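Trainee: There's a structure below that I have some questions on.
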Amino acid sequence: MPHFIVECSEVLFEKQPPEKIMKTIYEAATASGLFQPEDIKVRIRPFTYSFGTFTPSEFIHVFGNIMEGRTAEQKNALSESIVEALNQIFPELTIISMNIRDFEKQGYFNKKMLG
């Protein structure tokens, strides 16, 4: 925990490699001081096709899934810093966004927690 899931236009990989996108997000999340670096996970889901009334068709959106307990101010600062970092590597991109979803401690379980 946390997990940062990136949805983006596949054509963005012609401008920046996926590794650089993930590293940019990882570094911004690490710099926030909210997480242990070894706990941060970043994944990308590229889209070849998308449909809607939005233009241009190039976009990047980050879904931040974090354990509950952070303040609204911390979450807003984290979102802003990640969008700002992505804007540095994609200054021409008009659609860069992020939202944060809290995991509830109740109901969360992973393999490390097995007895």
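Trainee: Nearest-5 percent of antiparallel DSSP beta bridges in region 1-107?
Mentor: 30 percent
Trainee: Also: Can you list the lysines whose alpha carbon is less than 28 Å from that of Lys75, not counting same-chain residues fewer than 8 positions off?
Mentor: Lys20, Lys23, Lys41, Lys105, Lys111, Lys112
Trainee: Okay, next question. Rounded to whole Å, give me the distance from the Cα center of region 1-53 to that of region 71-115.
Mentor: 10 Å
Trainee: So what is the calculated 222 nm ellipticity per residue for the chain, using -39500 (n - 2.57) for each DSSP H run with n of 4 or more, over all residues, to the nearest 500 deg cm²/dmol?
Mentor: Counting only the DSSP helices, I get -9000 deg cm²/dmol.
Trainee: For the chain, what relative contact order do you get, as a whole percent, if you take Cα pairs closer than 8 Å and at least 6 residues apart?
Mentor: 35 percent
Trainee: Tell me which label goes with the value of volume of the Cα convex hull per residue in Å³ computed from the coordinates here: (i) 104; (ii) 127; (iii) 112.
Mentor: Label (ii) holds the value from this structure.
Trainee: Follow-up. Note down the net charge around Lys20, summing +1 for each Lys or Arg and -1 for each Asp or Glu among other residues with Cβ under 14 Å from its Cβ.
Mentor: So the surrounding residues net to -1.
Trainee: Around Thr30, with a cut-off of 14 angstrom between Cβ atoms, what is the net charge of the other residues, counting Lys and Arg +1 and Asp and Glu -1?
Mentor: Around Thr30, the charge tally is -1.
Trainee: Within 13 Å, Cβ to Cβ, of Val62, how many net charges do the neighbouring residues add up to if Lys/Arg are +1 and Asp/Glu are -1?
Mentor: With Lys, Arg at +1 and Asp, Glu at -1, the neighbours total +2.
Trainee: Follow-up question, since we're still on this one. With axes computed from alpha carbons, what is the tilt in degrees of helix 72-89 against the longest principal axis of the chain, rounded to the nearest 10 within 0 to 90?
Mentor: 40 degrees
The numbers here are math on the coordinates, done by the rules we state, and not lab data. Keep in mind that what you see is a predicted model, and the values were worked out from it rather than measured. Counting neighbours? That spans all protein chains shown, and the Cβs are built from the backbone with ideal geometry, glycine included.
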